[in-house]
Amino acid sequence: MRLIIFGPPGAGKGTQASRIAARYGIPAISTGDIFRANIKNETPLGLQVKEILASGGYVSDEITNAIVADRLAQEDCAPGFLLDGYPRTSDQVYALDAMLAERGGELDAVLELTVDEDEVVDRLLKRAETEGRVDDTEEVIRERLAIYRRETAPLAAIYLERGLLVQVDGLGEIDEVSERIGVALDERQH
């Protein structure tokens, strides 16, 4: 399975991504994790990304595409993968199309976890409280959700048009959501 998972902050993407990866025996690839690991290990890429983020900038499509292309070329991605946090722009969508075409593959599905915004805000405020994230105020959370809607909604529309978008309700117990995802993806395979 070659998959992408989308969802607003607090939708439970990270939790579900690891479960989906285990279910299908594919790596879950988070661009955020790759950036953080490179920064922590002070690789040339990590130093470059750290500088960009420190100045309040965004990591360019060019850098992000190169990282994803490099990761997808690794052996463990041969049977498939689950991308989390990529693509984030329409240019990245087309770059991913090109990467997959080069390898003679295409996406099987694009999973979007849908959630009620107020419930997600409550969930993230609780998480901020228990994890001591003082910066996660309601205002900050709502702004992150607005950015997600603005930037990701157009990508979901591209994949909907291609018949690849699978929307799953992301609210409820973790196991319930995992079950819904499993059923939805199994239906795609038949």
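The values are calculated or read from the model by the stated rules, or taken from the named source; none is laboratory data. Because the structure is predicted, anything quoted here is derived from the model rather than measured. Cβ: placed from backbone, ideal geometry, glycine included. Neighbour counts: every protein chain shown. Areas reflect the complete protein model, heavy atoms only, side chains present, ligands, DNA and RNA absent. Shrake-Rupley method; radii C 1.70, N 1.55, O 1.52, S 1.80 Å.
Given the condition part of a strand (DSSP E or B), within 18 Å of the chain's Cα centre (by Cα), within 30 Å of LEU171 (Cβ to Cβ) and among the charged types (D, E, K, R), answer yes or no: does some residue in the stretch 35-57 qualify?
Checking the stretch 35-57: not a single residue is part of a strand (DSSP E or B), within 18 Å of the chain's Cα centre (by Cα), within 30 Å of LEU171 (Cβ to Cβ) and among the charged types (D, E, K, R).
Of all the residues that make up the stretch 133-182, how many are without any contact (Cβ under 8 Å) to a residue 40 or more places away in the chain and open to solvent by less than 70 Å² (accessible area, probe 1.4 Å)?
Selection size over the stretch 133-182: 9.
Is it the case, given these coordinates, that ILE39 is within 30 Å of THR137 (Cβ to Cβ) and out of contact with any Pro (no Cβ under 7 Å at 6 or more places or on another chain)?
Here the answer is yes, as ILE39 does meet what is asked.
Filter the stretch 80-109 for residues that are touching a residue at least 60 places away in the same chain (Cβ under 8 Å), touching a Phe, Trp or Tyr at 6+ places or on another chain (Cβ under 8 Å) and not aliphatic (A, V, I, L, M) and give the result.
GLY80
Scan the stretch 61-108 for residues that are among the aliphatic types (A, V, I, L, M), touching a strand residue (DSSP E or B) at 6+ places or on another chain (Cβ under 6 Å) and surrounded by fewer than 20 Cβ atoms within 10 Å (Cβ to Cβ) and jot them down.
Hit for the stretch 61-108 is LEU107, nothing else.
Could you go through the stretch 110-118 and let me know if any residue there is touching a residue at least 24 places away in the same chain (Cβ under 8 Å) and out of contact with any strand residue (DSSP E or B) (no Cβ under 8 Å at 6 or more places or on another chain).
Yes - at least one qualifying residue is present in the stretch 110-118.
Please pick out the residue among ALA54, ALA11, ALA37, ALA28 that is open to solvent by 40 Å² or more (accessible area, probe 1.4 Å) and either modelled with pLDDT under 85 or farther than 27 Å from ALA98 by Cβ (or both).
ALA54
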